């Protein structure tokens, strides 16, 4: 099993920095290439890996991740391939979680998914479209198998809503810094610091900020007020732009190094 989220954030905290969290869909561009690319990300300094579970209706995903997911799905990526990927990624030592919309987990079987995720060495699951009110079965399954449940808050979340979300969350709280889809941007939303400030009044869990971070400078800015910096689209874009797999590995390792330097300030 990989490090737990508590251990990963604890290590970052002991070094007076934010944790670096990197996302990549399983099966993109292929199963084995995805595993090698994630290993390059970890080698470059990623502390926590989000393995994306490709889904045909990605409501939150921007164009780069949509393109990656389409490639993965056309290549035959299934939930079992995602779990196989988790097994391999966990061997890197990085805390390994899955990012998935709720429908694929429900279709696979809630209890079965939690059980297989634990067996694979995963330590948590991010479910961006699952609400606390509908999470009863998921809560029971994750408790039974020792998995963390990561839920999202956004700038539009009321205090009452955030209270419900943090009550159901473990591992870390995902603060979506803006309304809209994912994607690398020239600047991170100025709503993010206020969202983190509000969340800190409600929870002692680490708070990680995602949506929009693509450079070391942006990572440094987010790390000044958040416990974790989440980067996804920027990694995917580097891979899409690479001429071949070897170049893609170099590109994601170099980006991870730049971002890791950023979170170290």
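The values are calculated or read from the model by the stated rules, or taken from the named source; none is laboratory data. Since the model is a prediction, treat every value here as computed from it, not as a measurement. Methodologically, a virtual Cβ is constructed for each residue, glycine included, from the backbone with ideal geometry; neighbour enumeration extends over all protein chains shown.
Can we say residue 45 is surrounded by fewer than 21 Cβ atoms within 10 Å (Cβ to Cβ) and in contact with a helix residue (DSSP H, G or I) (Cβ under 7 Å, 6 or more places away or on another chain)? Spell out how you get there, then give the answer.
On the way: surrounded by fewer than 21 Cβ atoms within 10 Å (Cβ to Cβ): yes; in contact with a helix residue (DSSP H, G or I) (Cβ under 7 Å, 6 or more places away or on another chain): yes.
Against the criterion (surrounded by fewer than 21 Cβ atoms within 10 Å (Cβ to Cβ) and in contact with a helix residue (DSSP H, G or I) (Cβ under 7 Å, 6 or more places away or on another chain)), residue 45 qualifies.
Looking at 59, 24, which is the one that is assigned to a strand (DSSP E or B) and touching a residue at least 24 places away in the same chain (Cβ under 8 Å)?
24
For the structure I just gave you, tell me whether residue 243 is outside any helix (DSSP H, G or I), surrounded by fewer than 23 Cβ atoms within 10 Å (Cβ to Cβ) and either at pLDDT 95 or above or in contact with a strand residue (DSSP E or B) (Cβ under 7 Å, 6 or more places away or on another chain) (or both).
Here the answer is yes, as residue 243 does meet what is asked.
How many residues does the range 130-145 hold that are under 23 Å from residue 23 (Cα atoms) and exposed (fewer than 14 other Cβ atoms within 10 Å of the Cβ)?
Within the range 130-145, residues that are under 23 Å from residue 23 (Cα atoms) and exposed (fewer than 14 other Cβ atoms within 10 Å of the Cβ) number 1.
Determine which member of the set 10, 75, 27 is buried (at least 16 other Cβ atoms within 10 Å of the Cβ), at pLDDT 95 or above and over 17 Å from the mean Cα position of the chain (by Cα).
Values: 10 fails: buried (at least 16 other Cβ atoms within 10 Å of the Cβ); 27 fails: over 17 Å from the mean Cα position of the chain (by Cα).
Within the list 10, 75, 27, the selection yields 75.
When residue 58 is evaluated against the numbered criteria (1) in contact with a helix residue (DSSP H, G or I) (Cβ under 8 Å, 6 or more places away or on another chain); (2) modelled with pLDDT of 95 or more, which criterion, by number, is the only one it fails?
Unmet condition: (2).
Restricting to the range 240-256, and then to whatever is in contact (Cβ under 8 Å) with a residue 40 or more places away in the chain and over 10 Å from residue 40 (Cβ atoms), can you tell me which residue is farthest from the chain's Cα centre (by Cα)?
Checking each candidate, the answer is 245.
Which members of the range 117-138 meet the condition of being within 19 Å of residue 210 (Cβ to Cβ) and in contact (Cβ under 8 Å) with a residue 60 or more places away in the chain?
Result: 122, 123, 124, 126, 128, 129.
Before we move on, is residue 222 crowded, with 21+ Cβ neighbours inside 10 Å, in contact (Cβ under 8 Å) with a residue 12 or more places away in the chain and farther than 16 Å from residue 176 by Cβ? Break it down into steps so the answer makes sense when it comes.
On the way: crowded, with 21+ Cβ neighbours inside 10 Å: yes; in contact (Cβ under 8 Å) with a residue 12 or more places away in the chain: yes; farther than 16 Å from residue 176 by Cβ: no.
No.
Looking at residue 67, is it touching a helix residue (DSSP H, G or I) at 6+ places or on another chain (Cβ under 9 Å), over 20 Å from residue 151 (Cβ atoms) and surrounded by fewer than 20 Cβ atoms within 10 Å (Cβ to Cβ)? Lay out the reasoning, then the answer.
Values: touching a helix residue (DSSP H, G or I) at 6+ places or on another chain (Cβ under 9 Å): yes; over 20 Å from residue 151 (Cβ atoms): yes; surrounded by fewer than 20 Cβ atoms within 10 Å (Cβ to Cβ): yes.
So residue 67 fits the description; yes.
Check residue 37 against each of (1) part of a helix (DSSP H, G or I); (2) closer than 27 Å to residue 170 by Cβ and name the one condition it does not meet.
Every condition holds for residue 37 apart from (2).
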